[in-house]
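The values are calculated or read from the model by the stated rules, or taken from the named source; none is laboratory data. Everything numeric here is computed off the predicted structure, so don't read it as measured data. Note that each Cβ is placed from the backbone with ideal geometry, even for glycine, and that neighbours are counted across all protein chains shown.
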Amino acid sequence: MLGFAILATLLTLTESCQEIRVKAEDGGVVLGRSLEFPIPLDFHMLTEPAGTKHEAHPLPNCPGAPFSFTNRFKEIVILGRFNGNWCNTTCDGINEAGLSANVLLFKDNAEYIDPSDISGAACDNAIPQTMIPAYILATYETVKQIKDDLESDKFPAVWAGDEFGAVLPIHFNINDKTGAGLVLEHVKGEGVKWYDNTVGVLTNSPTFSWHMSNLRNYPHFQRNDKGREGLKYSSQGEDYSYGPQWSGSGMLGLPGDYTSPSRFVKAATLLALAPKPATTNEAIVQVFHHMAAADIPYGVVETGPLDLAIFTWWTLVKDLERRCVYYRSYTDLSVKKLCLDDISGVKSAVKMEGRFEDGFKDISGELKDFDTVLLDRHSEL
Ligand SMILES: *[C@@H]1O[C@H](CO)[C@@H](O)[C@H](O)[C@H]1NC(C)=O
């Protein structure tokens, strides 16, 4: 059993996670998000009714009642459990207005206000960083509303709250059903920063603006092959010519490793080159495939003093227009779906990991006589 002290150390060492956004021709906005983590958390999908109350932890220099807020909307959120306790941080979620908010690790770059520096009137509008997604999903309908509040200083001050006895360094990706995206970062030495997420990608450290500058190092990828005539040269009076033997050279050199900068470049490049899906359903399929290109299999990346594996615990795909979430966990590979319109007003939870045996369909009963199958195909043509 891992102790809280080791967990606190791990939080400072580990990072991975990614989110991407695709907008379909029909206007549907679909997000894909993966979670990679070395700590054995037991992830659950929760539903919260409108009216659910959240209360922040008391602050040392704020004598009144702790800051609290109430869900304006029904929500689906993801929370982890460790040693039987719910984590403070809402990892991801959507609300009834079609808004999505989540956290991705932001190691070494995050800095929040010291809780003891908050006093007086500031006490009435301050939350720990662990509560930001919960606050956003409870309060807002659109990215624009959040930007307006950030610009007019109405957004709460964010203090350094703890998770497993240490400050969890995170940044925030927020998207709405119009396709607008916002990255919110509390940057060491620079304060609160927010950016339009025009590229529709977020990974981990360093800052979003660093990743956007870095993207300019990689403008040269293309769908079609490079050097289609193949390799030609002359040597000692003889001409040699070799045609291409494989495809995919348009992406030659695309970073494929698991560092945060490389994952950002790869995800942004694939999204930029992929054709725009016609429908929201096509976008959901496309996003699952793009997320598969970012999948980390168990055991190939290890971190921390215990060499714990970082791997893709789950992949979440969110349809913001229809307000549905789809996900796949590590062992149960089937896709599960949950829609806000289909859930009651009761707070409920479902464990996200499932058994391998529950993740596939046995098709032996669907086998048809070979000639019948051929006839079927002919009749379709
Ligand atoms: C986070 O959870 C732990 C354990 O339940 C608790 O001690 C701590 O105060 C919480 N932190 C915040 C900021 O709510």
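Would you point out the residue of region 187-207, among those that are surrounded by 24 or more Cβ atoms within 10 Å (Cβ to Cβ) and of a type outside the set (S, T, N, Q), that is farthest from LYS23 (Cα to Cα)?
Out of the qualifying residues, it is LEU202.
Among the residues of region 55-78, which ones are of a type in the set (Gly, Ala, Ser) and either closer than 30 Å to TYR327 by Cα or away from the ligand (no atom under 14 Å from the Cβ) (or both)? Steps first, please.
So the first thing to find is which residues in region 55-78 are of a type in the set (Gly, Ala, Ser), and the list is 56, 64-65, 68.
Hits for region 55-78 are ALA56, GLY64, ALA65.
Just need a number here: residues in region 79-94 that are more than 9 Å from the ligand (Cβ to nearest atom) and within 16 Å of the chain's Cα centre (by Cα).
Of the residues in region 79-94, 7 are more than 9 Å from the ligand (Cβ to nearest atom) and within 16 Å of the chain's Cα centre (by Cα).
Take the residues of region 117-141 that are away from the ligand (no atom under 14 Å from the Cβ) and within 26 Å of LYS177 (Cβ to Cβ): which is surrounded by the most Cβ atoms within 10 Å (Cβ to Cβ)? Break it down stepwise before answering.
Step one: list which residues in region 117-141 are away from the ligand (no atom under 14 Å from the Cβ), which gives 117, 119-125, 136-141.
The next check asks that each one be within 26 Å of LYS177 (Cβ to Cβ); those that pass are 136-141.
On the way: ILE136: 26, LEU137: 28, ALA138: 23, THR139: 19, TYR140: 23, GLU141: 16.
Of everything passing the filter in region 117-141, LEU137 is surrounded by the most Cβ atoms within 10 Å (Cβ to Cβ).
Could you pull out every one of the strands (runs of 3 or more DSSP E) wholly within region 2-91 that has 1 or more residues that are modelled with pLDDT of 95 or more and over 30 Å from CYS123 (Cα atoms)?
Those strands (runs of 3 or more DSSP E) span 18-23, 29-37, 42-48.
Which condition number in (1) farther than 30 Å from ASP108 by Cβ; (2) hydrophobic (A, V, I, L, M, F, W, C); (3) under 19 Å from the mean Cα position of the chain (by Cα) is the one that ALA50 fails?
The single condition ALA50 does not satisfy is (3).
Could you check how many residues of region 142-171 are more than 16 Å from the ligand (Cβ to nearest atom) and hydrophobic (A, V, I, L, M, F, W, C)?
Qualifying residue count, region 142-171: 4.
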